[in-house]
Amino acid sequence: MPDLNTYLQYNDPVTIISRSGTPQDPFVDRADSLPVINGLITLLELPSPTDKVNIAGFVEIDQEVFENRRFLNEHEFLVHYGIGVIQFHASQEGITHLCRYKGRGLIMYPASRIYAMVTRNPDVVITLQDYIDQIQTKIDENQIVLGRIEEVIKQSQIQTDLSKVATDKANQAADDATIAASRAKDAYDTTRLVFKEPVADMVELRLKYSQPEIGWTAQTYKDGKRYRYDGNNWIEIDIFGSNLQVVNEFKDGLMSVAEHLKLKDMPLELQDRVIVLCKDSYVFQETIGILAPFPFNGELVDVKGFCGVTGETETEIEIERTRNFNTWLNVMSSNLKFNPQSHYDNRTAVIQTKQVQAGDIFRINIKKAGLNLQNLTVHLTIRT
């Protein structure tokens, strides 16, 4: 730690914090980045005259040289080691410099020795300590006033808390009464059944009873389900005839054995529909103008490509879909591709968007056209 030296012969002593520069109490490396103000930089500590001050791009001159010529060049500076001040040329005004030096401590002056000239003729001098004493007096007065205000606020807060407790109790009693009434009404609403004439299905149910009341109950005779309106939705509550056995190959149930066997033998392939997109000529990097609308809801399960004349380079094709002719979206995460000299795509295409809605329109977009590729055909298989 640096030594703390005070000169006790003064009432308000100057305090000096200094280091001895020995191995036990060495000087400290400093790097102060400070601006030039009024031609001077005041360092944060006193620099060591032995180790000097280093500023990149500048040269330090000795006090003797400066006294002989009485001016500084643009890239020169003079250090006053006794007070820790660096003097610069006028061109450096306002510019910040990084000053590197060994700090040997600092001098702290008492506030009573820093004065301000308030008026002249006659001179009136007030020290910084006078200002500090005045400020402290005002702070003490304000603390007393703040203490009184805080006491008033505290009393007001106590009364407010008491009022809040009383209000909360009243609100809680009102809420309890409201909850009890609501529970009674819920019990009535959830058990009340008002039977209505049966309808064919849910479509006719919503049309016929478009403005239902809580408790209305109706049955759909196509499936035997019974629905009750709960205030928001029609909720299925039971199925009439739910004890009927399902059909199997040996006994009638909800359908006959013959109908069951006929449905079972129906080939699944009949559910697949195919869209064919083609171009009967040379294929270039372009969007093919042939559009294919699809009128059913379904799932895109496969994409295949063929060409009559193979290309000499790779071909890449996007499958695009739209509903408004303005926004076309690629349904593939990995596009349809033809290797050179191949009549078939390389089967690496991956479908990203499989869901198809009735009214979707498809087209093919040639992102990369193989050289001399002709007579292109693309099959989209959609399962409905």
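Quick notes
- Scanning the range 280-318 for residues that are within 39 Å of the chain's Cα centre (by Cα), surrounded by fewer than 15 Cβ atoms within 10 Å (Cβ to Cβ) and of a type in the set (V, I, T) returns T287, V301.
- Matching entry among I317, I275 (being assigned to a strand (DSSP E or B), in contact (Cβ under 8 Å) with a residue 60 or more places away in the chain and farther than 19 Å from P340 by Cβ): I275
- Some residue of the range 95-106 being at pLDDT 75 or above, β-branched (V, I, T), closer than 17 Å to L34 by Cβ and in the same structural domain as P26 (by TED's automatic domain parsing): yes
- In the set (1) assigned to a helix (DSSP H, G or I); (2) out of contact with any Ser or Thr (no Cβ under 9 Å at 6 or more places or on another chain); (3) modelled with pLDDT under 90, N121 fails one condition alone, (1).
- Neighbours by Cβ (under 8 Å, 6+ apart or cross-chain): first from the range 330-347, among the basic types (K, R); second assigned to a strand (DSSP E or B): K337/T315; K337/E316; K337/I317
Yes or no, residue by residue, for (1) within 29 Å of I114 (Cβ to Cβ); (2) modelled with pLDDT of 90 or more; (3) out of contact with any Ser or Thr (no Cβ under 8 Å at 6 or more places or on another chain):
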residue	(1), (2), (3)
L4	yes, no, no
D51	no, yes, yes
V59	no, yes, yes
E74	no, yes, no
L78	yes, yes, yes
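- N365 in contact (Cβ under 8 Å) with a residue 24 or more places away in the chain and either polar (S, T, N, Q) or outside any strand (DSSP E or B) (or both): yes
- Matching residues in the range 328-359 - criterion: being assigned to a loop (DSSP other than H, G, I, E, B), surrounded by 16 or more Cβ atoms within 10 Å (Cβ to Cβ) and not hydrophobic (A, V, I, L, M, F, W, C): N335, S342, D345
The values are calculated or read from the model by the stated rules, or taken from the named source; none is laboratory data. Quick caveat: nothing in here was measured; it's all calculated off a predicted structure. Cβ atoms come from the backbone with ideal geometry, glycine included; neighbour counts cover every protein chain shown.
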